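Structure first, commentary second.
The values are calculated or read from the model by the stated rules, or taken from the named source; none is laboratory data. The shown structure was predicted, so the numbers you read here are calculated from the model rather than taken from an experiment. Note that we place each Cβ from the backbone using ideal geometry, even for glycine, and neighbour counts take in every protein chain shown.
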């Protein structure tokens, strides 16, 4: 991914840093899993021969990756002077292949309507509340990344798992936000099941094809349907997010609701909704991107080793599922999961459970 902005724009510099932090890695939190997307910056430098004028950077290099997304942070300066030709050339380069995508982001309404991006659908970030701005910016990029990482341009679908007794209101609120502000689809129990379909089969198919959102309320873990859905989602090894809406207490939370990103629910909060959307998009993208990233690194490093990819750190249930899929309890397996590595204590416990599995991150695999 590439971020292009005029060097004199402090907001552009801030947003470039936000993109790196959320999409590549947070340099201040090395123990937090990043998405590992390479993010390159392209910005201007002062012209020593013309004080007050910034020269555009070199042309964006689209040849070093199989697929590219270019985020163009647009202000009045970017569309004037020598930058006009630079942006026109960039639009032309990106349009040569479906492997490339240009995402123009308007930081101000004062943009030349005759510019080379005047006929493009732009993200009008200047219309977004300051509190939501960074998260909305990241979410728009994540949604494009999710659809661009493969040739499958189908939209994301989220399964809203909830207890009908006390979680329905939260589920409907999330569903309304998805409908009003995104093109993300949803699966919500009987509303999404045709008359005459078998419930278990329909729900299991939906879990296999969706990002799983567990809306955990006081009664969630005590409901048989909810427990079934959680175990099925974990066995599918797909993207899962937990929305914590417990009010009074949870007598016995399901042990299978750990090892996943969690967000605390707050009613009538657009920021919580946008952060939830960000988690759903990030985990969905990671599920698509991480196996392809490992495969690419394997080719680059000439590592010809059979392995299974997990898009989140391993746990007993996922290792049990991997063992079931191999059809053998004796085979040695290598399991690759995202950096950073689990700590020594957790790794030892998992090896006690599955001594014939090598648990490795890309850093461990390609430095061995």
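List of remarks:
- If the condition is being closer than 13 Å to residue 115 by Cα, in contact with a strand residue (DSSP E or B) (Cβ under 8 Å, 6 or more places away or on another chain) and either without any contact (Cβ under 8 Å) to a residue 24 or more places away in the chain or not in a loop (DSSP other than H, G, I, E, B) (or both), then region 73-83 contributes only 74.
- Single residue of region 155-174 satisfying the filter (under 17 Å from residue 277 (Cβ atoms) and assigned to a loop (DSSP other than H, G, I, E, B)) that is modelled with the lowest pLDDT: 155
- Odd one out for residue 234 among (1) more than 29 Å from residue 65 (Cα to Cα); (2) loosely packed, with under 14 Cβ neighbours inside 10 Å; (3) under 22 Å from the mean Cα position of the chain (by Cα): (2)
- Counted as qualifying within region 249-368 are the helices (runs of 4 or more DSSP H) with 3 or more residues that are within 25 Å of residue 148 (Cβ to Cβ), namely 270-301.
- Just one residue in the set 326, 361 is within 24 Å of residue 66 (Cα to Cα) and either assigned by TED's automatic domain parsing to the domain that holds residue 229 or out of contact with any helix residue (DSSP H, G or I) (no Cβ under 8 Å at 6 or more places or on another chain) (or both); that residue is 361.
- Extreme residue, farthest from residue 175 (Cα to Cα), among residues of region 121-149 that are in a loop (DSSP other than H, G, I, E, B) and in contact with a helix residue (DSSP H, G or I) (Cβ under 6 Å, 6 or more places away or on another chain): 149
- Residue within region 184-194 that is closer than 19 Å to residue 281 by Cβ, in contact with a helix residue (DSSP H, G or I) (Cβ under 7 Å, 6 or more places away or on another chain), modelled with pLDDT under 90 and part of a strand (DSSP E or B) present: yes
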